[in-house]
Amino acid sequence: MNLLHFIGSFHVEIAKRLDAVESAGETNGYMEWVNGRVKNVELYFLWFPKARRLVYIIKGPGVRKEGEVETKGLLDAIAYAERLIQQIP
């Protein structure tokens, strides 16, 4: 059995890891987004599958991170976003 059968799209997988989801969705395979909260920190993620780029903003009391990274694919983008979420104090 293929592991990819258990992994959903980027916005579905990341939404599972947030305390509250404000918005999540996709636009015909060109972009996926999810924004929400973990504790009292706001998170914004944009995933561009064709370009394999992940853009993120994390902001809250004493926390401000933003950036753009090139990833190898979906699993790498999910793993990167998970690491960012785990770093929230």
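Computed values, structure above
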quantity	calculated
Top positive-direction residue, dipole computed over the chain with Cβ charges, set Gly25, Ala15, Pro89	Pro89
For the stretch 4-89, size of Cβ-based charge dipole, Lys and Arg +1, Asp and Glu -1, in debye	180 debye
Lysine pairs with alpha-carbon atoms under 19 Å apart, the chain, spacing 8 or more or separate chains	4
Spin-label model distance (nm) - Ala51 vs Asn28, 7 Å beyond Cα toward Cβ	1.7 nm
Angle in degrees between helix 74-86 and the longest Cα principal axis of the chain, rounded to the nearest 10	20 degrees
Pair Ala20, Glu68: separation of 7 Å Cα→Cβ label points (nm)	3.0 nm
For the chain, accessible area per residue (1.4 Å probe, heavy atoms of protein chains only), Å²	61 Å²
Solvent-accessible area, 1.4 Å probe, carbon plus sulfur percent, for the chain	53 percent
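The values are calculated or read from the model by the stated rules, or taken from the named source; none is laboratory data. Everything quoted here is computed from the prediction, not taken from an experiment. We place every Cβ from the backbone using ideal geometry, glycine too, and count neighbours over all the protein chains shown. Please note that ligands, DNA and RNA were not included when accessible areas were found on the heavy atoms of the full protein model with its side chains. Shrake-Rupley method; radii C 1.70, N 1.55, O 1.52, S 1.80 Å.
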